[in-house]
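*Asks:* Please find one structure pasted underneath; my questions will follow.
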Amino acid sequence: GYGDMIVFNDYLYVASSSGYEGKFFYEGVGCELWRFDGTTWEPIASYSKDDDDSGTLTAIAGCSADDGDPTAVFTVDGKSWSADQWKEAGLLMTTGNGRGRYFRIVGNTADTLTVQEDQAAFAAGVGVEYTICAEHAPDADREGHAIGTIGTVAVGDAYSIVTGTDENGFGEIWNKSIVDLEELNGELYATIAHNYENGTSIWKTSDGLTWNRMTEYAHGNIHGYDPDGNLTGYCLNEGKEDTVGVPVCTSSTYMGKSDVSGVMTLYTGSTGSRGCNGNGARALRLDGDEWNFIVDYFVDDNLEGTNENGFGDDADGNALRQSFQAWHWAEYDDKLFCGIARPIGCRLAYTETGGTEDDAWKFVVGYGADMLDGFDGVSGPLVFGSNVGMHLYTFEDALYAGTLKMKLYNNPIPIIDPVWDGSDLWKATGPADALVWTRITSNAFGDEDVLLLDSFCTYNDSLYLAAGYYFGKNLDAEIPEQAATKIYRLKKSPSFVSFSSYSATSSTMAVDISWQTGMETDVTGFNVYRSASEKYNLAYQKINKTPIAAGAADYTYTDQGLLMNTPYFYKVEAVNSSGVSSFVGPIAVTTKKLFDF
């Protein structure tokens, strides 16, 4: 579900993931990194790179499910290893039904290996991890899932011993994913995700071949501890004392490159796993060779501002409502924008400084902004919202956002959950503090199975994006029958109108919809459309009886006779003499209560 490509030093680098998202490892063996010179693929961090030792198992002991021993002993005749030569290395099965299974070597003699099946992070709540050679499901909750059952390891199966940073996961199986690759000042960086054992990390290289971990695990953010490694003695989330010692930041996200701080540098986000130090997204900035938090509880001594956990909203530990992850980044209007993932509706904020001030981040979608959570208020109060995240991209003086959607077990309750209709694509123009939003599509161009619109790219002066049908932790485990990827290109056509502002204000029973145009060419008129709810895909109805005459530049239309204290959604349509339409919006507004002070 995660990976990236980038050109660095005339090579194409490709990162991919392994293992299912979560605190259990399944058949994962860590992320991989390869590069391509136009002719040949070369492994950089992969079990394909070299073979430290290999052979065939000649005996197995202590590997039964009920023997009470967390380790097992594998014998390999004909070896003459030195004592503990392979301690802390990995044993990867290369043949048999258990091909791909991984064991941690805890010690060895001349011809035996004592191994441990390392399938669960220490935070997974598993008392003892038993090493079992028979087919089994390490995580009972996922039993029956396509990748939940692992095969039998038997005498006669071949193995490979793997060690060093040139192996999968840079030598650590719990480095499940590389989310992003980014270059800065002649060095290449990689962000690690889904390390639920030790926590996330960021790696870098100068030559593309030798990679080093440049951060502490979890960026040094451990539940129950301050940044200096001292026990705090209290929990921000009461009742989470059992998480002391568990990494807060298990994943790092995409990286953004910006000079808003005065220096061109990198930014990334990180998870805020539930526990003592509080929930909510974190964000970091690269200062020289150090990654420092700019969004986190420990950034300053107060509890106020958008520099706190979750950009100021950790929802008091409510996992569904918190600003969960600083997911994706883009520069626009000389500011750094961050798309923030949130289970019941994503958010968008920007910074002018990239700093740690209380008011460093300004929200333009959600958290009190005119544009509601998820861009349009489409969310289910009990489970997932329609748009839980976004990918950002800047193209021709506009900011684009493609949304990520989440399905819940393939059967949302219509009265509670949003109707499933595919991902959205939004476009923003104008200054950062007064963005004018237009939704390009509300249903992934008519394909309701699309989960995400992302991977924007400019090629030959045209904008491209990908439409995907599956994501790393889609709670609906079914993959669509026609799972694939679609690629779209923005069709360029002459523009006959541009909107420089768009807003809506309400009274108890009326709404004023106002817009300004920056340019009108052959515009014959405007129409206003209203919907009572986006949540249930209720149709928009045109509410003006005759077209609103063009040519005024400033326009206001009043919609009257509405219900009090009721949300409404509005779009404005411009029409030219050929009958071609151009829309702005939708925008949400709620009429006031009878006594609304």
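*Asks:* Every residue in the stretch 206-254 that is among the acidic types (Asp, Glu) and either in contact (Cβ under 8 Å) with a residue 12 or more places away in the chain or part of a loop (DSSP other than H, G, I, E, B) (or both), please.
*Replies:* Listed by number, the residues that qualify are ASP207, GLU216, ASP226, ASP228, GLU238, GLU241.
*Asks:* With GLY62, GLY78, GLY68, GLY151 as the choices, which residue is closer than 14 Å to TYR26 by Cα and among the small types (Gly, Ala, Ser)?
*Replies:* Working: GLY62 fails: closer than 14 Å to TYR26 by Cα; GLY78 fails: closer than 14 Å to TYR26 by Cα; GLY68 fails: closer than 14 Å to TYR26 by Cα.
Going through GLY62, GLY78, GLY68, GLY151 in turn, just one is closer than 14 Å to TYR26 by Cα and among the small types (Gly, Ala, Ser): GLY151.
*Asks:* May I pose another question? Please give the number of the condition ARG285 fails out of (1) part of a loop (DSSP other than H, G, I, E, B); (2) buried (at least 21 other Cβ atoms within 10 Å of the Cβ); (3) among the charged types (D, E, K, R).
*Replies:* ARG285 satisfies all of (1) part of a loop (DSSP other than H, G, I, E, B); (2) buried (at least 21 other Cβ atoms within 10 Å of the Cβ); (3) among the charged types (D, E, K, R) except (1).
*Asks:* Another question about this same structure. Can you tell me which residue within the stretch 20-46, out of those that are closer than 30 Å to GLY125 by Cα and open to solvent by 40 Å² or more (accessible area, probe 1.4 Å), is modelled with the lowest pLDDT?
*Replies:* GLU27
*Asks:* Confirm whether ALA552 is more than 13 Å from VAL575 (Cβ to Cβ) and free of Cβ contacts under 8 Å to residues at least 12 places away in the same chain.
*Replies:* Details: more than 13 Å from VAL575 (Cβ to Cβ): yes; free of Cβ contacts under 8 Å to residues at least 12 places away in the same chain: yes.
For ALA552, the condition - more than 13 Å from VAL575 (Cβ to Cβ) and free of Cβ contacts under 8 Å to residues at least 12 places away in the same chain - is met.
*Asks:* Looking at the structure I just gave you, is TRP203 free of Cβ contacts under 8 Å to residues at least 40 places away in the same chain and either crowded, with 21+ Cβ neighbours inside 10 Å or in contact with a helix residue (DSSP H, G or I) (Cβ under 7 Å, 6 or more places away or on another chain) (or both)?
*Replies:* Working: free of Cβ contacts under 8 Å to residues at least 40 places away in the same chain: yes; either crowded, with 21+ Cβ neighbours inside 10 Å or in contact with a helix residue (DSSP H, G or I) (Cβ under 7 Å, 6 or more places away or on another chain) (or both): yes.
In short, yes.
*Asks:* Another question, if that's okay. Could you look through the stretch 206-218, keep only residues that are surrounded by 20 or more Cβ atoms within 10 Å (Cβ to Cβ) and not aromatic (Phe, Trp, Tyr), and pick out the one that is nearest to ASP50 (Cα to Cα)?
*Replies:* THR215
*Asks:* Can you tell me which residue is modelled with the lowest pLDDT among those in the stretch 422-446 that are of a type outside the set (S, T, N, Q), under 23 Å from the mean Cα position of the chain (by Cα) and assigned to a loop (DSSP other than H, G, I, E, B)?
*Replies:* For the stretch 422-446, the residue satisfying everything is GLY422.
*Asks:* Just name the residue that is modelled with the lowest pLDDT out of those in the stretch 521-551 that are part of a strand (DSSP E or B) and either open to solvent by less than 60 Å² (accessible area, probe 1.4 Å) or out of contact with any strand residue (DSSP E or B) (no Cβ under 9 Å at 6 or more places or on another chain) (or both).
*Replies:* Initially, the stretch 521-551 is screened for residues part of a strand (DSSP E or B), giving 523-531, 541-542, 548.
Going one step further and asking which of them are either open to solvent by less than 60 Å² (accessible area, probe 1.4 Å) or out of contact with any strand residue (DSSP E or B) (no Cβ under 9 Å at 6 or more places or on another chain) (or both), we end up with 523, 525-529, 531, 548.
Values: VAL523: 96, GLY525: 97, PHE526: 98, ASN527: 98, VAL528: 98, TYR529: 97, SER531: 92, ILE548: 97.
Of everything passing the filter in the stretch 521-551, SER531 is modelled with the lowest pLDDT.
*Asks:* With PHE324, PHE337 as the choices, which residue is modelled with pLDDT of 95 or more, of a type in the set (Phe, Trp, Tyr) and either closer than 23 Å to VAL365 by Cβ or open to solvent by 20 Å² or more (accessible area, probe 1.4 Å) (or both)? Steps first, please.
*Replies:* Details: PHE324 fails: modelled with pLDDT of 95 or more.
Within the list PHE324, PHE337, the selection yields PHE337.
The values are calculated or read from the model by the stated rules, or taken from the named source; none is laboratory data. Everything numeric in this text was worked out from a predicted model, so none of it was measured. Heads up, the Cβs are rebuilt from the backbone with ideal geometry, glycines too, and the neighbour counts pull from every protein chain shown. When the accessible area is computed, the model is the full protein with side chains, heavy atoms only, and any ligands, DNA or RNA have been set aside. Shrake-Rupley method; radii C 1.70, N 1.55, O 1.52, S 1.80 Å.
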